[in-house]
Amino acid sequence: MSLLTAQNLTFGFLDGVLFKGAAFKVEETDRVGLIGANGTGKTSLFRLITGKYDPTEGGIVRGKDVRIGYMEQYLDCDEETTLYDEALTVFNDVIEMEKELEEINEKLLYNSDLATIERQLRLTEELERRDGLVYKAKTRSALMGLGFTENDLSLKVSSLSGGQRSKLSLCKLLLSNANLLLLDEPTNNLDTESIIWLEDFLIKYRGAFIVVSHDRYFLDKVTTSTMEISHQKLIHTVGNYSVFQKLKAERELTIEREYEKTITEIKRIEGIIEQQKRFNQERNYITIASKEKQIERLKETLVVPDKVLKSVNFSFKTDVRAGDEVLVVKGLQKSFPDKDLFKNFDLSVYREDKVFLLGPNGCGKSTFLKIINKEITADNGIFRLGSNVKIGYFDQNIDKLSSHKTVLNEVWDMYPFMNETDVRSALAMFLFRGEDVFKAVSDLSGGERAKISLLKIMLAKPNFLILDEPTNHLDIISREVLENALSDFNGTLLVVSHDRYFINKLATKIVHLTHEGAVDIAGNYEAYLNFREAMKQVATQVSHQKPTTNDYKLRKEKASNERKRRTQIAKTEAEIEEKEALIGETEALLSDPEVTANYEELIRLTETLDQTRIELEELYLQWEDLQSEE
């Protein structure tokens, strides 16, 4: 049975149609990748599916049992609330019922009318149905399964990293018990480990999902069909991104041939029109009108090939050559009141190096870039920039733009020595043409904001680019353009990114940052993977080494344990160990994506964990009583 069916779906805004005549189905286990250039309507399609937008024409039929969970690009919530409380908002209706039930219980102390009693019963039944007794424990367990610690639960949302925000959104999806997930750029801001976790989760997920992503590696791993919005049309292809690209290339060849044939025909008819105009007879104007309508009909059916469409085209140039030594870092350390980031951080960057900084979220990668850009200060250690170093800094949050300005003024105010023609020419390289330059910055998409930020950096002609997740908001075409521009850049790069394809294409050195320091790995992402695999093998060998423990001590402990086993103390200790082991196993299961993807199993394990903890506390009390009796 279909979860979702779209028929003749058309949608747009006042400035034009995004797509028209779209038709597709989503079955119970479909894994769909939704791609397309920024601004083509991918997010709008999600909002049509959720009912937030109404279509211009056509419609979407949702299956009666469909439960939609929507993970948007940006977490929209109260920045001052805690991580745990924000996750609980999934159960806002349950919380409201709890409050009402408390008020009713208070009221019944003084007035027990029948209507209030009936409402109390209905609320109690509904709360039980909506997991009112266990929703807090479920929320805590889901957060733990996603890698958060007990201390993290009290963190304010405002202090969360981009990856932590993404995980919080994923947690809310898990708790929603949805069977159709809509994921809008879910890998944005996630570290490599988290992306691998998400890939594993989606591969094992039992429901259906549609995912918008520009991560080509990610799409290949998790999707089995692909939808592309292009030229105001939606094309649905069976197969992952690589399969789609192969089929698209074949389609594009056909489109190019048809395009050239149609353009030739239009030019032929235009020639006839010019000839008829020269004759300047009444009957000629009838022919002209007929031919003009013929051209209009041809243009309506004309599909422009991708290679004919305008695309971003830019390059980074330097106006001064830096010294051979660009950056030296010695013993750098940084922490915040509630969190230690890194210490003992040493790094050397030389001219024309392309260094990528990797590591788990929360280890301080973005903070380190801000320190080098002198936006914040380190606690200890030093860093030194080389001679003639000129920094161009890209912030992943792209929040340094002035929302009240127009696109033109945003750039021109920073470079007032340029004339308007030069500024508009620069903007045209990033596809801001004509009236687009008068758009308000506040109305720009994430991708458009990223392009404006990159343009401002480009115009400064830096020789040291410090880029924090520069591909996050870019579509696939724009990513490829940026990759080519950075490949040709004759300066130095220091980049934080989780785009594995991007890293593999550009990196000359990987720096793996941890809380304890950093490790340099020469090469690209493949070299980094080889390093990780080697470290795992070393760890395995160490763990399998035979422990050197005194044999006499082992015999003594064994004898002691045998004697204690005959007493009630030994029995209690054994039970304590059993309960602790069960808690450890249950917590491990709750961190397994295959388990967290199973709603029923998540509930069962959460209840088991809570009950085992209660029993363990009782055993500790028994053990203390028995010890005091000896």
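Would you say Phe209 is crowded, with 20+ Cβ neighbours inside 10 Å and not in a helix (DSSP H, G or I)?
yes
Looking at (1) more than 49 Å from the chain's Cα centre (by Cα); (2) modelled with pLDDT under 80; (3) of a type in the set (Lys, Arg), which one does Lys310 not meet, given that it meets all the others?
Lys310 satisfies every listed condition except (1).
Go through (1) open to solvent by 80 Å² or more (accessible area, probe 1.4 Å); (2) aromatic (Phe, Trp, Tyr); (3) under 22 Å from Leu181 (Cβ atoms) one by one and return the number of the condition Tyr110 breaks.
(3)
One line per residue, one yes/no per condition, for (1) acidic (Asp, Glu); (2) open to solvent by 100 Å² or more (accessible area, probe 1.4 Å); (3) modelled with pLDDT of 75 or more; (4) in a helix (DSSP H, G or I):
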| site | (1), (2), (3), (4) |
| --- | --- |
| Ala539 | no, no, no, yes |
| Arg566 | no, yes, no, no |
| Ala588 | no, no, yes, yes |
| Leu602 | no, no, no, yes |
| Asp610 | yes, no, no, yes |
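Can you tell me which residues in region 417-428 are assigned to a loop (DSSP other than H, G, I, E, B) and within 12 Å of Leu459 (Cα to Cα)?
Of everything in region 417-428, those that are assigned to a loop (DSSP other than H, G, I, E, B) and within 12 Å of Leu459 (Cα to Cα) turn out to be Phe417, Met418.
Return the residues of region 422-439 that are under 29 Å from the mean Cα position of the chain (by Cα) and of a type in the set (Lys, Arg); say none if nothing qualifies.
Lys439, the sole residue that qualifies.
One line per residue, one yes/no per condition, for (1) open to solvent by 50 Å² or more (accessible area, probe 1.4 Å); (2) part of a loop (DSSP other than H, G, I, E, B); (3) in contact with a strand residue (DSSP E or B) (Cβ under 6 Å, 6 or more places away or on another chain):
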| position | (1), (2), (3) |
| --- | --- |
| Glu193 | yes, no, no |
| Glu199 | no, no, no |
| Ile203 | yes, no, no |
| His214 | no, yes, no |
| Tyr217 | yes, no, no |
| Lys221 | yes, no, no |
| Glu228 | no, no, yes |
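Here's the yes/no breakdown for (1) in a strand (DSSP E or B); (2) within 26 Å of Ser159 (Cα to Cα):
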site: Asp319; (1), (2): no, no
site: Ser335; (1), (2): yes, yes
site: Phe342; (1), (2): yes, yes
site: Leu369; (1), (2): no, yes
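Quick test for you: out of Ser290, Ser315, pick the one residue that is over 30 Å from Lys20 (Cβ atoms) and either of a type in the set (S, T, N, Q) or in a strand (DSSP E or B) (or both).
Matching residue, one of Ser290, Ser315: Ser315.
Are any residues in region 69-93 surrounded by fewer than 19 Cβ atoms within 10 Å (Cβ to Cβ) and of a type in the set (Val, Ile, Thr), and if so, which ones?
Within region 69-93, Thr81, Thr82, Thr89 meet the criteria.
Being open to solvent by 20 Å² or more (accessible area, probe 1.4 Å) and outside any loop (DSSP other than H, G, I, E, B) is the filter here; which residues of region 13-56 pass it?
Phe13, Gly16, Val17, Leu18, Lys20, Gly21, Ala23, Lys25, Arg31, Thr43, Arg47, Thr50
Could you say whether any residue in region 61-75 is more than 24 Å from Val238 (Cα to Cα), assigned to a helix (DSSP H, G or I), touching a residue at least 60 places away in the same chain (Cβ under 8 Å) and under 21 Å from the mean Cα position of the chain (by Cα)?
no
Counting just the residues of region 399-416 that are touching a helix residue (DSSP H, G or I) at 6+ places or on another chain (Cβ under 6 Å) and part of a helix (DSSP H, G or I), which one comes out surrounded by the fewest Cβ atoms within 10 Å (Cβ to Cβ)?
Result: Leu408.
Condition test on Phe336, is it open to solvent by 50 Å² or more (accessible area, probe 1.4 Å), hydrophobic (A, V, I, L, M, F, W, C) and within 27 Å of the chain's Cα centre (by Cα)?
Yes, satisfied.
In region 479-495, is there at least one residue being farther than 22 Å from Ser445 by Cβ, within 19 Å of the chain's Cα centre (by Cα), at pLDDT 95 or above and buried (at least 20 other Cβ atoms within 10 Å of the Cβ)?
Within region 479-495 (the criterion being farther than 22 Å from Ser445 by Cβ, within 19 Å of the chain's Cα centre (by Cα), at pLDDT 95 or above and buried (at least 20 other Cβ atoms within 10 Å of the Cβ)), the answer is yes, since at least one residue qualifies.
Given Lys167, Lys136, which one is touching a Ser or Thr at 6+ places or on another chain (Cβ under 7 Å) and part of a helix (DSSP H, G or I)?
On inspection, the qualifying residue turns out to be Lys167.
Filter region 494-512 for residues that are of a type in the set (A, V, I, L, M, F, W, C) and in contact with a strand residue (DSSP E or B) (Cβ under 6 Å, 6 or more places away or on another chain); which is farthest from Val349 (Cα to Cα)?
Checking each candidate, the answer is Ile503.
Pick from region 454-478 the residues that are touching an Asp or Glu at 6+ places or on another chain (Cβ under 7 Å) and surrounded by 21 or more Cβ atoms within 10 Å (Cβ to Cβ): which of them is modelled with the lowest pLDDT?
Per the stated criteria, the residue is Thr471.
Quick test for you: out of Arg130, Arg140, Arg119, pick the one residue that is charged (D, E, K, R) and buried (at least 18 other Cβ atoms within 10 Å of the Cβ).
Going through Arg130, Arg140, Arg119 in turn, just one is charged (D, E, K, R) and buried (at least 18 other Cβ atoms within 10 Å of the Cβ): Arg140.
For region 178-196, which residues satisfy the criterion of being polar (S, T, N, Q) and at pLDDT 80 or above?
Asn179, Thr187
Suppose the filter is surrounded by 14 or more Cβ atoms within 10 Å (Cβ to Cβ), outside any helix (DSSP H, G or I) and modelled with pLDDT of 95 or more; does Val303 pass it?
Answer is no for this residue.
Does Val389 qualify as being among the aliphatic types (A, V, I, L, M), more than 26 Å from Ser442 (Cβ to Cβ) and in a loop (DSSP other than H, G, I, E, B)?
For Val389, the condition - among the aliphatic types (A, V, I, L, M), more than 26 Å from Ser442 (Cβ to Cβ) and in a loop (DSSP other than H, G, I, E, B) - is met.
Take the conditions in contact (Cβ under 8 Å) with a residue 60 or more places away in the chain and assigned to a strand (DSSP E or B) and apply them to Leu431. Does it pass?
It is false that Leu431 is in contact (Cβ under 8 Å) with a residue 60 or more places away in the chain and assigned to a strand (DSSP E or B).
Does Lys330 satisfy the criteria of being open to solvent by 60 Å² or more (accessible area, probe 1.4 Å), at pLDDT 90 or above, assigned to a strand (DSSP E or B) and of a type outside the set (Asp, Glu)?
Yes.
Name, by its number, the condition in (1) at pLDDT below 90; (2) under 22 Å from the mean Cα position of the chain (by Cα) that does not hold for Thr82.
With (1) at pLDDT below 90; (2) under 22 Å from the mean Cα position of the chain (by Cα) applied to Thr82, the lone miss is (1).
The values are calculated or read from the model by the stated rules, or taken from the named source; none is laboratory data. From a predicted model like this one, the values you see are computed outputs, not experimental measurements. Counting neighbours? That spans all protein chains shown, and the Cβs are built from the backbone with ideal geometry, glycine included. Accessible surface is based on the protein model in full, side chains and every heavy atom, while ligands, DNA and RNA are left aside. Shrake-Rupley method; radii C 1.70, N 1.55, O 1.52, S 1.80 Å.
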